[in-house]
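Trainee: Structure incoming, see below.
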Amino acid sequence: MAEEVVRELRASFAAGRTRPAEWRAAQLKGLIRMIEEKEADITAALHDDLSKPSMESYLHEISLAKSSCKFALDGIKKWMKPEKVPAAITTFPSSAQIVSEPLGVVLVISAWNYPFLLSIDPVIGAIAAGNAVVLKPSEIAPATSTLFAKLLPEYVDNTCIKVVEGGVPETTALLEQRWDKIFYTGNGTVARIVLAAAAKHLTPVALELGGKCPVIVDSNVDLHVAVKRIAVGKWGCNNGQACIAPDYIITTKAFAPELVDSLKRVLERFYGKDPLESADLSRIVNSKHFQRLAALIEEKEVADKIVYGGQTDEKKLKIAPTLLLDVPQDTALMTGEIFGPLLPIVTVEKIEDSIDLVNSKSKPLAAYLFSRNKKLQQDFVANVPAGGMLVNDTALHLANPYLPFGGVGDSGMGSYHGKFSFDCFSHKKAVLIRGFGGEATARYPPYTAEKQKI
Ligand code: NAD
């Protein structure tokens with residue numbers, strides 16, 4: 001099956017079907033039509049998979065996917081144009097250009113937490129760059145996966161763009177094939193499997209992974225605004241099941257009580273007195289992840305540190321927004337990515353100490369700072385390595401298509417969004433064009449003593 005799919009796509013790519021700008025534009029228009037006509041089905045699938053609130057589905061998946069299609073549609077003709085670069089004196093006379101060439105047949109393996117956006121967004125880049133593509137959505141979000149399998153053939157060219165559904169066996173079979181690029185979104189353990197499979201064929205990869213995203217909160221802030229932005233970036237993003245959701249807060253010992261109080265107030269305002277009943281919070285995706293999260297807060301030395309929340313409902317797979325204060329650094333909560341509604345707050349003596357604390361862990365996908373202090377902002381930008389960063393807000397940096405989105409170190413490699421998606425799926429071919437003049441005789445043997453004087 002996997003072999004047949006790749007064979008068919010290779011034939012389509014070799015025939016040149018995917019190269020013309022017109023084909024690329026037609027596919028992107030097809031995706032826009034699909035999003036517009038099937039918005040209700042997409043919202044329903046996301047609700048089935050995660051009980052994702054429809055407002056969140058619209059803001060974070062559907063509208064971002066549509067903007068991404070439109071941005072690519074507006075950009076492709078310009079992006080496809082060979083980029084003229086200066087001719088060097090060493091090659092005089094000549095002209096030089098960089099040609100963006102499609103890579104060929106590419107594989108997109110997607111994750112469950114934003115199952116619509118994380119599937120379609122890399123596919124948009126692959127199409128814009130003129131590739132044939134297989135999408136393998138996550139089996140952990142089965143309603144969205146099935147919807148892709150049904151809808152894509154109705155809206156785009158099925159001889160060049162295909163969906164293969166399935167879990168580990170199906171993905172393993174796909175990974176045995178030779179691809180021209182593999183774009184993987186998910187966790188670091190599977191990323192290593194993907195990378196090892198890619199190595200067999202020298203296939204380039206983009207790995208969009210996660211990590212522990214820190215939020216440093218200084219006392220020099222508009223606290224009312226800051227806590228709303230932290231809360232919406234954590235619980236308003238799939239109830240914390242988001243790669244760029246705040247994983248932990250760092251603040252000073254002196255400021256922590258005020259910050260905790262403000263967070264409690266905003267949580268109650270957003271999700272009410274009984275958050276397990278709130279329709280504005282996604283559920284935990286499945287019982288495996290529920291058990292994993294519940295176990296994190298059942299540990300005695302962690303349970304003792306809960307200052308808000310902590311309620312769980314296993315039947316409904318719901319966990320309430322939970323704040324914890326000064327959990328020991330060697331607990332599972334503080335060492336691994338949380339990926340759920342638990343938010344530990346770590347305290348330091350001086351806010352400047354927070355940078356060393358962040359840098360004692362792996363490089364995160366996103367890092368956040370709330371502060372009016374310009375010097376602290378500059379230190380944060382200069383001294384914290386991270387996939388991306390945002391000052392005085394959370395998560396929003398991914399909505400700017402002029403910024404690359406991707407990780408560094410343990411949070412991944414390669415980036416996409418906007419033109420970066422086009423570049424991610426293109427080879428930058430160096431092209432030098434010369435005429436027959438400008439012969440430099442020193443180039444040619446025999447290398448006489450006279451020539452060597454030059
Ligand atoms: P997941 O369970 O959906 O797995 C991701 C993909 O890997 C799926 O398509 C799945 O079928 C495939 N897969 C799983 N096991 C495999 C195996 N043994 N061999 C081959 N393929 C396999 O998602 P997940 O990994 O739980 O996703 C959560 C992680 O992803 C978190 O760490 C999160 O931070 C990260 N993430 C990153 C981004 C980003 O854009 N950087 C976005 C979302 C999630």
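Trainee: Can you list residues from other chains, or at least 5 along the same chain, whose modelled amide H is less than 5 Å from the amide H of VAL307?
Mentor: Hits under the 5 Å cutoff: LEU323, LEU324, LEU325.
Trainee: Can you tell me how much longer the chain between ASP326 and ARG10 gets when fully stretched, taken as 0.36 nm per residue apart minus their C-alpha distance, in nm with one decimal? Walk me through the numbers on the way to the answer.
Mentor: Values: separation 316, 0.36 × 316 = 113.76 nm, distance 5.48 nm.
Here the segment from ASP326 to ARG10 would lengthen by 108.3 nm.
Trainee: Let me see the pair-distance distribution of the range 164-273: every alpha carbon pair, 5 Å bin width, integer percents in order.
Mentor: 2, 10, 16, 16, 11, 9, 8, 9, 8, 8, 3, 0
Trainee: List the residues whose amide H sits under 5 Å from the amide H of ALA366, counting only those 5 or more places along or on another chain, with H placed 1.01 Å from N in the peptide plane.
Mentor: Sorted by chain and number, the residues that satisfy this are GLY387, GLY388.
Trainee: I'd like the trypsin sites (Lys or Arg not before Pro) in the range 312-379 restricted to DSSP loop residues with at most 10 other Cβ atoms within 10 Å, sorted by number. Please report the intermediate quantities before stating the final value.
Mentor: Numbers: sites: LYS315, LYS316, LYS318, LYS350, LYS361, ARG372, LYS374, LYS375; in loops: LYS315, LYS316, LYS350, LYS361, ARG372.
Answer in residue order: LYS315, LYS350.
Trainee: Continuing with this model, one more query. For the range 152-169, just list the computed ³J(HN,Hα) in residue order, Karplus coefficients 6.51, -1.76 and 1.60, θ = phi - 60°, integers in Hz, with x standing in for Gly and Pro.
Mentor: So the J values, rounded to whole Hz, are 4, x, 6, 10, 10, 6, 6, 7, 10, 10, 10, 10, 10, 8, x, x, 4, x.
Trainee: Show me the three semi-axes of the equivalent ellipsoid for the range 202-338, from the C-alpha gyration tensor (sqrt of 5 times each eigenvalue), largest first, rounded to whole Å. Walk me through the numbers on the way to the answer.
Mentor: Working: eigenvalues 105, 79, 56 Å².
Sorted largest first and rounded, they come to 23, 20, 17 Å.
Trainee: Please compute the length gained on full extension between ASN383 and LYS81, using 0.36 nm multiplied by the number of residues separating them and subtracting their Cα-Cα distance. List each step's numbers first, then the result.
Mentor: On the way: separation 302, 0.36 × 302 = 108.72 nm, distance 3.71 nm.
Length gained, ASN383 through LYS81: 105.0 nm.
Trainee: Kindly write out, for the range 70-84 in residue order, the coupling ³J(HN,Hα) from the Karplus curve 6.51 cos²θ - 1.76 cosθ + 1.60 (θ = phi - 60°), rounded to whole Hz, with x marking Gly and Pro.
Mentor: Taking θ as phi minus 60°, the curve returns 5, 4, 5, 4, 5, x, 4, 4, 5, 5, 6, 4, x, 8, 6 Hz for the range 70-84.
Trainee: Report the GluC sites (Glu not before Pro) located in the range 84-179 that are in a DSSP loop and have at most 16 other Cβ atoms inside 10 Å of their Cβ, or state none. Could the numbers behind the result be given before it?
Mentor: Working: sites: GLU139, GLU154, GLU165, GLU170, GLU176; in loops: GLU139, GLU165, GLU176.
Sparse-neighbourhood loop GluC sites (Glu not before Pro): GLU139, GLU165, GLU176.
Trainee: Over the alpha carbons of the range 257-393, what is the largest minus smallest coordinate on each principal axis, giving the biggest first in Å?
Mentor: Ordered largest first, the range 257-393 gives principal extents of 48, 31, 27 Å.
Trainee: Select from the range 238-283 those trypsin sites (Lys or Arg not before Pro) which occupy a DSSP coil region and have at most 12 other Cβ atoms within 10 Å, ordered by residue number.
Mentor: Here the sparse-neighbourhood loop sites are LYS253, LYS273.
Trainee: Whole percent per 20 Å bin, from 0 to the bin with the longest distance: what is P(r) over all C-alpha pairs of the chain?
Mentor: 24, 49, 22, 5, 0
Trainee: What is the Cα convex hull volume of the range 1-142 when expressed per residue in Å³? Don't jump to the answer; show the numbers that get you there.
Mentor: Details: hull volume 19.9 nm³, N = 142.
Output value, Cα hull per residue: 140 Å³.
Trainee: Modelled label-to-label distance, ILE98 and ASP304, 7 Å Cα→beta-carbon offset: nm?
Mentor: 5.7 nm
Trainee: Right, here's the next one. What distance in nm separates the two pseudo spin-label positions at GLN311 and ASP353, each 7 Å out from Cα along the beta-carbon direction?
Mentor: 3.5 nm
Trainee: Fully extended, how many nm does the chain gain between LYS273 and ALA199 (0.36 nm per residue separation, minus their Cα-Cα distance)? Mind dumping the intermediate values first?
Mentor: Working: separation 74, 0.36 × 74 = 26.64 nm, distance 5.18 nm.
Gain on stretching LYS273 to ALA199: 21.5 nm.
Trainee: Taking 30 Å as the cut-off for C-alpha to C-alpha distance, list the pairs among LYS212/LYS316; LYS29/LYS212; LYS228/LYS363; LYS66/LYS428; LYS136/LYS264 that go past it. Before the final figure, lay out each step's value.
Mentor: Details: LYS212/LYS316 26 Å; LYS29/LYS212 37 Å; LYS228/LYS363 25 Å; LYS66/LYS428 27 Å; LYS136/LYS264 40 Å.
In this structure, LYS29/LYS212; LYS136/LYS264 exceed 30 Å between Cα atoms.
Trainee: Counting only helical runs of four or more DSSP H residues, what would the 222 nm mean residue ellipticity of the chain come to if each run contributes -39,500 (n - 2.57) and the total is spread over all its residues? Provide the component values of the computation, followed by the final result.
Mentor: Numbers: 18 runs with 186 residues, N = 454.
For the chain, the value works out to -12000 deg cm²/dmol.
Trainee: Now, a different point. As I understand it, the value is the acute angle between the Cα axis of helix 117-128 and the longest principal axis of the Cα atoms of the chain; what does it come to in degrees, rounded to 10?
Mentor: 10 degrees
Trainee: Taking R0 as 56 Å, what FRET efficiency do you get between LEU432 and ALA254 from their Cβ-Cβ distance, rounded to the nearest 0.05?
Mentor: Details: r = 62 Å, r/R0 = 1.12.
The pair LEU432/ALA254 has a calculated efficiency of 0.35.
Trainee: Which number comes out as Rg/Rh for the range 240-310 once both Rg and the Kirkwood Rh are worked out on C-alpha atoms?
Mentor: Working: Rg = 13.7 Å, Rh = 14.2 Å.
With Rg and the Kirkwood Rh in hand, the quotient comes to 0.97.
Trainee: Moving on. Sorted by average packing, counted as other Cβ atoms within 10 angstrom per residue and highest first, what order do 54-61, 412-419 take?
Mentor: Details: 54-61: 18.9, 412-419: 21.4.
Ranked from most to least packed, the peptides come out as 412-419, 54-61.
Trainee: In terms of modelled amide H atoms, which long-range or inter-chain residues lie less than 5 Å from the amide H of PHE183?
Mentor: LEU107, VAL108, ILE109, ALA206
Trainee: Whole-Hz ³J(HN,Hα) for each residue in the range 132-141, computed from phi via Karplus 6.51 cos²θ - 1.76 cosθ + 1.60 with θ = phi - 60°, x for glycine and proline: what do you get?
Mentor: After applying 6.51 cos²θ - 1.76 cosθ + 1.60, I find 8, 9, 10, 9, 10, x, 7, 6, 6, 10 Hz.
The numbers here are math on the coordinates, done by the rules we state, and not lab data. Since the structure is predicted, the reported quantities are computational estimates derived from the model, not experimental observations. Using ideal geometry, Cβ is built from the backbone for each residue, glycine included, and neighbour counts are taken over all protein chains shown.
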